[in-house]
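Undergrad: Pasting in a structure now, in C-alpha cells, and then I'll have a few things to ask.
What follows is calculated from the coordinates using simple rules that are stated; it is not laboratory data. If you're wondering where the values come from, they're calculated on a predicted model, not measured in any experiment. Heads up, the Cβs are rebuilt from the backbone with ideal geometry, glycines too, and the neighbour counts pull from every protein chain shown.
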Amino acid sequence: MISVCIFCGSNKSKALVECEECSRIPNSHADVIHSIIMSYSEEEPYLNFVSIDEIEVLRESIINGSPIKIEHATFSVAEEAYSAAGTQGSPQALKYFSKISHPVMVVMLLVFIVFVLLGA
Ligand SMILES: [Zn+2]
C-alpha cells in the first residue's frame, strides 16, 4: 500500500492521515478525493484509480509545486467510491457495488475504503 501526500509528495501510511513531513491533513472534498487517488495497492489492484506510474508523475508535479492534474473521469470514479463508502447500505452504495461482479471483492472493497477513511 502506497499513499502519497498531496501537499508535499512524501509517502504516507494511509491516504487520509496527517503527513509526517508537512503535518497537513486532506480537509476539503477535493483534497480527500485526490488523496484517495494518490494511493496504490498491489494486493488490491481493483482499488487503484490510477497506475503507479501516474502516481509518480503526480508526485513529481507536487514536488515541483504544480497543481495536481487528475482527469475528470478518474476524479468522478474515486468520488463515487468515496461517497458510496460514506453511505453504506444506501441505494447509491448498492448501485456502485453492483458494478463489481465478485462478492468477495465487494466486501474487501468496503473494508478497505472504511479502513482508508478512518485511518485505522
Ligand atoms: Zn506532506
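Undergrad: Net charge within 12 Å of Leu58 by Cβ-Cβ distance, Lys/Arg positive one each and Asp/Glu negative one each, not counting Leu58 itself?
TA: So the environment of Leu58 carries a net charge of -3.
Undergrad: What does the highest-first list of 12-21, 47-56 look like by mean Cβ count within 10 Å?
TA: Packing proxy ranking, top to bottom: 12-21, 47-56.
Undergrad: Highest mean first, what order results for 24-32, 62-70, 1-9 on Cβ atoms within 10 Å?
TA: Packing proxy ranking, top to bottom: 1-9, 24-32, 62-70.
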